[in-house]
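Reviewing the structure listed below.
The values are calculated or read from the model by the stated rules, or taken from the named source; none is laboratory data. Predicted, not measured: the structure shown is a model, and the values here were computed from it. Quick reminder, even Gly has a Cβ in these numbers, built from the backbone with ideal geometry, and neighbours come from all protein chains shown.
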Amino acid sequence: MSLSFLFKTLTKDLAKVGSQHAHAFHTGSYLLTVDKNLLVKLRKRSGYTFINCKKALEKFHNDITQAEAWLNQQAQEEGWSRANKLEGRKAKEGLIGLFVRDKAAVMVEVNCETDFVARNDKFQQLVKDVAVSAMAYHQNKSPAGYVKSVMAADQLSKVRGADGASLADQVALTIGRLGENLSVKRAVTVSVPDEWRIGSYVHGGVAGQTEVAMGRYAALVVFQGGQEGQEESLGRQLGRHIVGEAPASLGNMDDTPGGESETRLLPQTFLGDPERTVAQVLKGQQARVLDFVRFQCGESVGEEAKS
């Protein structure tokens with residue numbers, strides 16, 4: 001066999017192998033192409049950038065579930081890192097979240113650095129998660145009767161949501177997504193017996209929120225009585241008055257009004273009827289206020305008005 005023949009045969013075989021390798025490489029590249037529909041879906045569902053979503057889908061061969069889980073893990077790790085770096089930055093903007101269900105209610109404050117972030121869907125979802133988790137925690141721990149619990153930031157951060165993650169973890173995850181210092185500040189929860197009622201009011205509300213109302217100011221008021229069919233309206237009017245007039249204590253039904261600087265709820269001029277005091281309105285409705293709490297976003301802890 002001549003050397004010329006061997007050389008030609010070897011050249012032909014190498015060309016064939018090279019073609020097979022090129023085909024295999026092309027096929028592999030095709031399999032790793034990101035599905036555009038999945039990319040749009042992941043971007044909309046997770047809120048992460050297109051670049052990060054594309055990277056995740058490439059990494060997990062278009063498995064959107066694994067891709068989203070990985071993105072969340074990366075964001076949480078980055079969030080904890082950012083949280084440590086941003087810890088000293090002031091976060092006095094944000095929202096109050098108010099959630100009333102059956103004979104229980106919760107009011108929470110979650111803070112951010114800017115009003116721009118407070119309007120972000122991801123931040124508002126965090127506020128909702130904090131409120132719902134605090135409600136579940138309260139109802140699991142509360143005995144019968146009237147129960148009122150106040151939770152500061154440290155205790156609230158340890159509460160776990162339905163997925164088992166602590167609220168501190170959820171805050172870190174949201175920090176990773178939004179890049180701003182965030183914090184859960186406080187919560188108050190109440191539950192009442194059957195014959196009592198809970199009124200509520202949120203000012204500066206966020207449009208589109210139903211289950212958990214959100215705004216810059218909010219109040220809860222616990223009361224008894226009220227004319228039949230008007231109890232819900234009375235509770236809302238009382239909550240609105242408490243938000244607007246910021247009483248510091250409850251007072252007594254027979255207290256003499258102290259003028260414009262009156263800080264007791266019952267002797268104050270009623271916001272919805274300047275001709276009568278709150279006590280007079282309650283007497284007319286055969287009702288009485290038992291307790292109340294008012295939150296203002298950004299106020300120092302301890303400044304909130306409560307009886």
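Descriptive notes on the structure:
- Region 262-278, subset buried (at least 20 other Cβ atoms within 10 Å of the Cβ) and more than 35 Å from the chain's Cα centre (by Cα), residue farthest from G235 (Cα to Cα): P267
- Taking region 213-252 as the range and being of a type in the set (A, V, I, L, M, F, W, C), surrounded by fewer than 20 Cβ atoms within 10 Å (Cβ to Cβ), farther than 20 Å from G97 by Cα and in contact with a strand residue (DSSP E or B) (Cβ under 7 Å, 6 or more places away or on another chain) as the test, only L250 passes.
- Residues of region 130-189 classified as surrounded by fewer than 16 Cβ atoms within 10 Å (Cβ to Cβ) and of a type in the set (D, E), total: 2
- Per the listing L271, L220, L238, L234, the residue uniquely under 24 Å from G145 (Cα atoms) and not in a helix (DSSP H, G or I) is L220.
A quick yes/no check of all residues on (1) in contact with a helix residue (DSSP H, G or I) (Cβ under 7 Å, 6 or more places away or on another chain); (2) over 16 Å from I96 (Cβ atoms); (3) assigned to a helix (DSSP H, G or I):
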{"site": "K122", "(1), (2), (3)": "yes, yes, yes"}
{"site": "V127", "(1), (2), (3)": "no, no, yes"}
{"site": "H138", "(1), (2), (3)": "no, yes, yes"}
{"site": "D154", "(1), (2), (3)": "no, yes, yes"}
{"site": "R177", "(1), (2), (3)": "yes, yes, yes"}
{"site": "T189", "(1), (2), (3)": "yes, no, no"}
{"site": "V206", "(1), (2), (3)": "yes, no, no"}
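- Here G259 does not qualify as modelled with pLDDT under 95 and surrounded by 16 or more Cβ atoms within 10 Å (Cβ to Cβ).
- Flag if V192 is farther than 25 Å from E299 by Cβ, of a type in the set (V, I, T) and more than 21 Å from the chain's Cα centre (by Cα): yes
- Single match in G208, G235, G272, G226 (criterion: at positive phi and free of Cβ contacts under 8 Å to residues at least 60 places away in the same chain): G208
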